[in-house]
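One structure is given below, encoded as structure tokens.
The values are calculated or read from the model by the stated rules, or taken from the named source; none is laboratory data. Just so it is clear, the model here is predicted, and its values are computed rather than measured. Neighbour counts run over all protein chains shown; Cβ positions are idealised from the backbone, glycine included. Each accessible area value is taken on the protein alone, full model and side chains, heavy atoms only, with ligands, DNA and RNA left out. Shrake-Rupley method; radii C 1.70, N 1.55, O 1.52, S 1.80 Å.
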Amino acid sequence: MRSSAKHGAADNNRGLSGHVLTLHQRLYHALNLGTWVNRKKWHCTDIETQRLVLRSVDAYLECISSETLQYPLVKDSVVDMVRALESILEFKNQSILRLASSVAVKMVKVLPGSILLQNRGLDLICPIVDLLSSHQLQVAMSCATAMNVILPKLSSRREREVWQILKETKAVGYLVHNIKQLSIVNIQIEYFQEMASLLSRILLWWPSFRFCVWNDSNFLNCLDAIKLISESSVKVVVLQLYSSLALCGNGAQKLLENGEALVQMTVSCMDSSNSHSVRMEAFKLARCLALSRRGCIQMMNICCEPLVKAVTGAMKYSNTLSEKLDKNQLSVTEEACRLASITRWPGNHHIYFWKAGTDRLLLDLLLDYPKIHQLQRELSVNDLINIVRESQNSNLLFSFRPYLWDILGGLAANCEENISHEIHENELQLRVLIVCACLSFVDSMGTLRQVSQNGVTNMTECESACRAVLMMVYSPCKYIASLARSILYEILKADGKDYVEYLLKILNAVLTGAKFGLPGNLQIVVSLMSLACYCSLPTYQELIIKFQGMKIMVAFVMWWLSNPVHLKRESTVPHLRDSFSERSCCYPSTEEWEGEDMLLLFSLWIVSELLHHSAYNKKANSSDNHEDFPRSQLIQELQEICRDRNSHGSRWYAAYVLSYFGIFGFPSKLGKRIGKLLGEREHSDMKLHFVNEESVYVHEVILTVRCPSLLPPGESVPKQKSSGVKSDVGRNIVKAVHLSAHVDQPSLLKLLEYVYSGYLQASKDLVKKLKLFARHCKLESLMQVLCRKNPKWGVDVPSFDLSPALGPAGHNLSNLILEAGSTTQLVHWNCNSCSALVPHLHVHKVILLSSCDYLRALFQSGMQESNLQTIKVPVSWESLNKLVRWFYSDRLPVPIFDCVWANLEPEEKFRQVHTYLELCWLAEFWLIDDLYEECYEVVISCIDSSQNLSTKIIQIAANFSQWKLAQVAANHMAPSYHQLRISGELDQLDDNLVEMVRAASVRLSQEGGGGGGITLVDWLCY
Ligand SMILES: [Zn+2]
Ligand SMILES: [Zn+2]
């Protein structure tokens, strides 16, 4: 190979200067003093020779350029040079390491990425990273520098290999160590910079390294001290390092735990007195910390006003400067705008955004019209439209606009109901702003059409402008909503009607599967949002209904339910994605109100508005009772949506739509089970007597948690009111409560329906009385649905949760003790209300039996067990707690497979899986299907999450007779059956399980799947 290269050398290398040739000659003269092993590895133990090679490499690097690299002679020598350097670095002779590492820096700087990161280049990474642990500061620093040069040249295809190297060489550990060693008094700034920026680069790219860094309190303390150094260059790296830690949701939490100093430092770094790069990094860090709703709220609790001031300060943009656009200024403004979209999270920061005149700032960024404040208040919408149209065109900040709409939308969605002083002051500005948004919205209709015609996709601004208008026309702030609606109405006058027909056509096309242009997901989202905007105007509601909109939208909801398309907003619109935040980890995906089912949310939104319209216009055309959608099926599906794990947004809207069918509240799984108890005589402990001698059986514990105002006044049930304690079923004591004549019987019964099941069904007449009753009983969420208030963006669905009964409130009412079967690991146990030493929980029979047929049968059997005060549950204490939690809230605490999970010791992971396997077994025994399914899913995802758990899980699953799960584990082990058998890991298993794994691996090989199937050797060995 080498000879053939030399063959044509004479021709190909013509043109190389004599100087290059001399250096080349000198290099090979030195290299030839060592030996080549298989021509692949250079080898030499003599220090002087190594030094000579390094010097000649150093000299030779001078002549390497993209030009000289065209010559085969030079190109070939690069390979040899890299190999020699690699060998010398690996040799680790202390006396020449300094020289060697500085040559390495030079080499990685000179060589282009394409050459550097072929296989040989990766080989060079190994010894360089390894030397980060060098005691010679200069050597470690050079190696960090070299890595800082190499990593940006890395292509994404190579990321995994480099990750492997970094993991094996424990690079992150050494970097952390090196930084911790620094003395703050006499810090070597350059050293810190190289180490810290390499660390933050690694953490940014490879999330798996983050945990061990943010979990190291000493390291965080050290950073805390370093962040006080005022040197601008230090600040930049410190901020970068914090950002890459905060990209992990758990890391951000850790940083914010005692984060006053950090947040204050970040805010002060945003100030214009800092250098451009410091400001940029400060905004980025704040954005990371506010990636979650919780993080944003925590940050705002620390310093709300100063933060908002810093952000809005950086958003200030003066149009007069636009002629000589300052690039730095622009990039800071853009970062500030990105951060400002924290207006999407609820919190107390909105008022400061209004106070800081955000509406004015947005206008300055949107329009190239410096004299907004000189406009006259009396201008008509049409005049404003003209002004906006004229001044919009010359604006250069096009890429900003999606952020601006997001900020505006967030402000409108989270506004208080009543007009705040700040908004009212600047009515004109707000009007112009709304005109801008509405115009963009209408333009987006045009874009939508173009997209379907030419397949061009530049929909980002469409989406965000549409969303902003949607948030404004449905804003909880009446002032903004009515202003936005009236402006939208004016603007749509021209061709609104046309568009409605078109939008319905797009959605219909989705349903029929017809190839109608390109109804991509983003296009569907925009169509739905636009239609929802139209629905805010009565004229268009009518029009949509005329075009069979109701039928189409109900069909759309049904279509989605049978083909659920899960979409996250971040993944559909480009402006929310960047290489930076895309690398975040451990952030909950369920926090956003729209979640991943925004198609469902927006279609329900439209349905609700159309129903609203027909409900109000029914009197006008009452003869037309014909409905063109399957009513009962829809009602059923809507209840399912409420019960299922959909986002809060779609559940709210499903409940809202249900209110138009006379169903008020929030159906839930637990509510469905508890609901059956109402009026049941057995196990009830209270009887409500109406004046007309009728009565209803209830349960004090449920009333205590769900609606305490229904209980007679005084602590629990006062004795003088219960007109006689009668002995009823078995040993149950039933307290009788006589209701006064003022209590309306049907209303109370309905209200109890809500208390027990989370929702109620009521006719129009009853609703009026119920409103009074609900207000009296302080059932806010029921009030809201009874009054049919629009769901407020961002508000969680009220959960049906009986857990408070486990606290002091329900303690006196407890009539059963659950004891854990196995009580290992509990040293300090004491109960607040009794002196029993065995770990136990005080619970309520009635709640347990509503979800568990086994216990119901047990309690009702009339046998000895039915009067038991204590039941020993044959599971661990941990499992028992999860079980009870599930009984009371229908929520099983489940492991989250994040960084923390990934870094758990295998034993700890296994201990957790063990709980769920145990619960699977118990759920089967006690006949609790729902719980069984949930636990089963958890075990499956645990098996998927870590390969090496299977060997242990299979045995425990078998011990609990969970054969289905054992089989899943066996299938997971199948590809590595051979290795497992050799390593002896299978020896611990029962024979039938080993056979199970073997059979699975045979099946695998027969199916031809999995590279690690059984080989001939396996067969022979067996
Ligand atoms: Zn993480
Ligand atoms: Zn106790």
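Within the set Lys546/Lys672; Lys41/Lys75; Lys669/Lys778, which residue pairs have Cα atoms separated by over 28 Å? Numbers along the way, then the final one.
Numbers: Lys546/Lys672 38 Å; Lys41/Lys75 17 Å; Lys669/Lys778 23 Å.
Listed pairs above 28 Å: Lys546/Lys672.
Using the structure shown, list the pairs from Lys845/Lys909; Lys284/Lys478; Lys40/Lys180; Lys327/Lys493; Lys227/Lys909; Lys170/Lys254 with a Cα-Cα distance above 29 Å, or answer none.
On the way: Lys845/Lys909 33 Å; Lys284/Lys478 35 Å; Lys40/Lys180 39 Å; Lys327/Lys493 40 Å; Lys227/Lys909 36 Å; Lys170/Lys254 23 Å.
Table pairs above 29 Å Cα-Cα are Lys845/Lys909; Lys284/Lys478; Lys40/Lys180; Lys327/Lys493; Lys227/Lys909.
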Next item on the list: Mind listing the long-range amide H neighbours of Ser695? Cut-off is under 5 Å, sequence gap 5 or more, other chains count too, H placed in the peptide plane at 1.01 Å from N.
Entry: Phe690
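For the stretch 31-127, just run the numbers: alpha carbon Rg, then divide by 2.2 N^0.38 Å, N being how many residues it has. List each step's numbers first, then the result.
Working: Rg = 12.5 Å, N = 97, 2.2 N^0.38 = 12.5 Å.
Output field value: 1.00.
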Checklist line | Listed residues Ala736, Asn426, His612: farthest to the positive end of the dipole of the chain (Cβ charges) | finding: Asn426
Notebook entry, point to check: Distances over 18 Å make up what percent of all Cα-Cα pairs in the stretch 56-110?
Noted result: 30 percent
Checklist line | Size of the stretch 219-349 as Cα extents on the principal axes (Å, biggest first) | finding: 46, 36, 22
Check: What list of whole percents do you get for P(r) of the stretch 839-931, with Cα-Cα distances grouped in 5 Å bins up to the one holding the largest distance?
Finding: 3, 12, 21, 23, 17, 10, 6, 4, 2, 1, 0
Check: Which angle between 0 and 90 degrees, to the nearest 10, do you get for helix 950-959 versus the longest principal axis of the chain when only C-alpha atoms count?
Finding: 30 degrees
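In Å², and per residue, what accessible area does the stretch 754-868 have when probed at 1.4 Å with the other protein chains present? Please list the in-between numbers first.
Values: 6000 Å² over 115 residues.
I get 52 Å² per residue for this part.
Run the accessible area of the chain with a 1.4 Å probe and give the carbon-and-sulfur part as a rounded percent. The partial results should precede the final answer.
On the way: 23110 of 45840 Å².
C and S fraction of accessible area: 50 percent.
What size of dipole, in debye to the nearest 20, comes out for the stretch 542-673 about its Cα centre when the only charges are +1 on Lys and Arg C-beta atoms and -1 on Asp and Glu C-beta atoms? List each step's numbers first, then the result.
Values: 15 positive and 16 negative charges, 87 e Å.
Once rounded to the nearest 20, the dipole reads 420 debye.
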Notebook entry, point to check: How far is helix 496-512 tilted, in degrees, relative to the longest principal axis of the Cα atoms in the chain, given as a value from 0 to 90 rounded to the nearest 10?
Noted result: 80 degrees
Margin query: For the stretch 523-663, I need the span (max minus min coordinate) of the C-alpha atoms along each principal axis, in Å, sorted largest to smallest.
Written below: 59, 30, 22
Next item on the list: Report relative contact order for the stretch 124-212 in percent, whole number only (criteria: Cα-Cα under 8 Å, sequence separation at least 6).
Entry: 33 percent
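Compute the Kirkwood hydrodynamic radius of the stretch 182-283, taking the inverse of the mean of 1/r over all pairs of distinct Cα atoms, and give it in Å to one decimal.
Values: mean 1/r = 0.0731 Å⁻¹.
Roughly 13.7 Å, rounded to one decimal.
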Note to self: To the nearest 20 Debye, how big is the dipole of the stretch 75-188 about its Cα centre, given +1 on the beta carbon of each Lys and Arg and -1 on that of each Asp and Glu?
What the structure shows: 240 debye
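If contacts are Cα pairs under 8 angstrom and at least 6 residues apart, what is the relative contact order of the stretch 180-264 in percent?
Details: 61 pairs, mean separation 29.6, N = 85.
Here the relative contact order equals 35 percent.
Using only C-alpha atoms and all pairs of different ones, pull out the Kirkwood radius for the stretch 126-172 in Å with one decimal.
On the way: mean 1/r = 0.0912 Å⁻¹.
About 11.0 Å for the stretch 126-172.
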Check: Considering the alpha-carbon set of the stretch 102-203 alone, what are its Rg and its Dmax in angstrom?
Finding: 13.1, 43
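For Glu592, Glu231, write out the residues from largest to smallest accessible area, computed with a 1.4 angstrom probe and no ligands counted. Before the final figure, lay out the partial values.
Working: Glu592 50, Glu231 90 Å².
The residues order as Glu231, Glu592, largest area first.
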Next item on the list: Rounded to whole Å and sorted largest first, list the principal axis extents of the Cα atoms in the stretch 924-978.
Entry: 39, 20, 13
Next item on the list: Considering Cα pairs under 8 angstrom that are at least six residues apart, work out the relative contact order of the chain and quote it in whole percent.
Entry: 5 percent
Check: Any idea what angle helix 47-62 forms with the longest principal axis of the chain, computed on alpha-carbon atoms, 0 to 90 degrees, nearest 10?
Finding: 80 degrees
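When the Kirkwood hydrodynamic radius is evaluated over all pairs of different C-alpha atoms of the chain, what value in angstrom, to one decimal, is obtained?
Values: mean 1/r = 0.0293 Å⁻¹.
Over the chain, the inverse of the mean reciprocal pair distance is 34.1 Å.
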Note to self: With 18 Å as the cut-off, how large is the P(r) tail for the stretch 878-955, expressed as percent of Cα-Cα pairs?
What the structure shows: 37 percent
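Can you tell me what the convex hull of the Cα atoms of the stretch 630-692 projects to on average, as an area in nm²? Can you show the working numbers first?
Numbers: hull surface 25.4 nm².
Seen from a random direction, the Cα hull of the stretch 630-692 projects 6.4 nm² on average.
Can you pull the semi-axes for the stretch 884-1008, root of five times each eigenvalue of the Cα gyration tensor, sorted largest first, whole Å?
Details: eigenvalues 142, 56, 31 Å².
The equivalent ellipsoid of the stretch 884-1008 has semi-axes of 27, 17, 12 Å.
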Item checked: Computed magnitude of the charge dipole of the stretch 496-592 (debye, nearest 20; Cβ of K, R +1, Cβ of D, E -1) -> 280 debye
Item checked: Pair-distance profile P(r), taking every C-alpha pair of the stretch 152-222, with 10 angstrom steps and integer % -> 18, 52, 25, 6, 0
